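Each remark here refers to the structure printed beneath this line.
Just so it is clear, none of the values below were taken in a lab; they were calculated from the coordinates. Given the structure is predicted, the values throughout are model-derived calculations rather than measurements. Don't worry about glycine lacking a Cβ; one is built from the backbone with ideal geometry, like all the others, and counts go over all protein chains shown.
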Amino acid sequence: SDALISVRDLTIRFRTDEGLITAVEKVSFDIAPGEILGLVGESGSGKSVTAKSLMRLNGENTVYDPESRITLNVPGETPLEVLSLRRERDMIAIRGGAISMIFQEPMASFAPAITVGRQMVEQLLIHTSLTEAEARELSIEMLARVGIPEPARRFDQYAFEFSGGMRQRAMIAMALSTRPRLLIADEPTTALDVTIQAQVIDLMKDLVAEFGMAILFITHDLGVIAQTADRVAVMYLGRIVETGSVRQVIRAPAHPYTRGLLDALPKLDDLDAELTPIPGDIPSPLNRPSGCVFHTRCPQMIAGVCEGRVPGYTRLGDGHDVACHLYTEQAMEAAR
Ligand code: SF4
Ligand code: MG
């Protein structure tokens, strides 16, 4: 496969006082070089846990089922099995090297007692062969590139001296300065006001086009995905329930959960239309529903089928897959 990163049957559990809980179950997806994949779902759906696993950032209590595979395939380099890495040197090569991550709260990326510039330089010294002077020059250039005025002065400031939008930009500058192959953006614009949000999204798209990197863009907001991504994977309670191009999934959503997410979004052509939130709450991972994980909230639940069997994927079109018995039953009926 020519995927940059390939995830197969990823199942992630956490050891807790209440026993093992399942956060992610049999998740598979690919991201091609230069592609923006949107991962969408409510909070608690396993989006961030999935993303962190690509950099092995999930912590000591994490258990990956043995069939789980994450393969990083940088063109011209030996493919890496991320979940099999044991050496610290290989981890460092991934974290901030081949893969960088930006977060909703940029303060999480900055050490409070080190200037923004110093931190950028140190990261470059770890991940590149640049000299200190070159690293300084590149850092200032990157701050300018993301639209920070007076970058040379800002270089010597601390993150708390930046406004929220500036901090977000500085975090992006730092994450991109090492030229990662994959940028993971976890709700990067959620805390920003709408205007700055749009600017940050445009900036990320420009940088993708310029550097040719791939992005895994995580959000609870399908509207943001529609503006940003090439393809989308919809997650619910640790499972990918639908995946396809943005056009396929947003224009012709097939899974009842995807339809529910879209019905809960304001319609641009009819702002007075009533919004219909998805009824009920996402169940606790301690209490995962049997069969289809969405059956406790699904308006189209087929009694006797959906609570008993996990739906497999049905291909609806080129690259458009859905995991729902409405389609498996249809397939069975059509076959009769
Ligand atoms: Fe609803 Fe059944 Fe489809 Fe699950 S499998 S989404 S419960 S119709
Ligand atoms: Mg999250």
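Listed values, structure above:
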{"quantity": "Nearest-20 debye value, the chain charge dipole, Cβ charges on Lys, Arg, Asp, Glu", "calculated": "600 debye"}
{"quantity": "Max mean-square fluctuation residue, GNM over the chain, Cα-Cα springs under 10 Å, options Thr71, Thr243, Thr258", "calculated": "Thr71"}
{"quantity": "Protection-proxy order for peptides 88-94, 200-206, each taking the mean of Cβ atoms within 10 Å per residue, highest first", "calculated": "200-206, 88-94"}
{"quantity": "Net dipole in debye of region 107-179 [+1 Lys, Arg Cβ; -1 Asp, Glu Cβ; about Cα centre; nearest 20]", "calculated": "240 debye"}
{"quantity": "Crossing angle, helix 325-335 versus the chain [Cα axis fit, 0-90 degrees, rounded to tens]", "calculated": "50 degrees"}
{"quantity": "Charge context of Leu125, other residues only, Cβ under 11 angstrom, K/R +1, D/E -1", "calculated": "-1"}
{"quantity": "Distance (nanometres) between label positions extended 7 Å along Cα→Cβ at Glu18 and Ala108", "calculated": "2.2 nm"}
{"quantity": "MRE, 222 nm, helices only [DSSP H, n ≥ 4, -39500 (n - 2.57), over the chain, to nearest 500]", "calculated": "-9000 deg cm²/dmol"}
{"quantity": "Region 74-215 - charge dipole about Cα centre, Lys and Arg +1 at Cβ, Asp and Glu -1, debye rounded to 20", "calculated": "180 debye"}
{"quantity": "The chain: relative contact order as a whole-number percent, Cα under 8 Å and 6+ apart", "calculated": "19 percent"}
{"quantity": "Efficiency of FRET from Cβ geometry, Ala152 and Val194, R₀ 25 Å, rounded to 0.05", "calculated": "0.25"}
{"quantity": "Set of region 226-242 residues, backbone N closer than 16 Å to the point 7 Å along the Cα-Cβ line of Asp318", "calculated": "230-232"}
{"quantity": "Charge dipole of the chain about the Cα centre (unit charges at C-beta), most positive-ward option of Pro151, Gln123, Gln197", "calculated": "Gln123"}
{"quantity": "Between 0 and 90°, nearest 10: helix 194-211 axis offset from the chain longest Cα axis", "calculated": "80 degrees"}
{"quantity": "Cβ-defined net charge surrounding Arg315, 14 Å radius [Lys, Arg +1; Asp, Glu -1]", "calculated": "-3"}
{"quantity": "Counting DSSP beta bridges with both ends in the chain, the antiparallel % (nearest 5)", "calculated": "60 percent"}
{"quantity": "Cβ-derived FRET efficiency at R0 56 Å, Leu265 paired with Glu77, nearest 0.05", "calculated": "0.90"}
{"quantity": "Listed peptides 179-187, 121-129 by packing density, highest first (mean Cβ within 10 Å)", "calculated": "179-187, 121-129"}
{"quantity": "Candidates Leu20, Leu237, Leu72: whichever shows maximal mean-square fluctuation once the chain is modelled as a Gaussian network with Cα springs under 10 Å", "calculated": "Leu20"}
{"quantity": "Euclidean distance between Cα centres, region 133-154 to region 34-112, Å", "calculated": "27 Å"}
{"quantity": "In degrees, nearest ten, helix 116-127 long axis to first principal axis of the chain (Cα)", "calculated": "80 degrees"}
{"quantity": "Charge sum, other residues only, whose C-beta stays under 12 Å from Pro253's C-beta, Lys/Arg counted +1 and Asp/Glu -1", "calculated": "+1"}
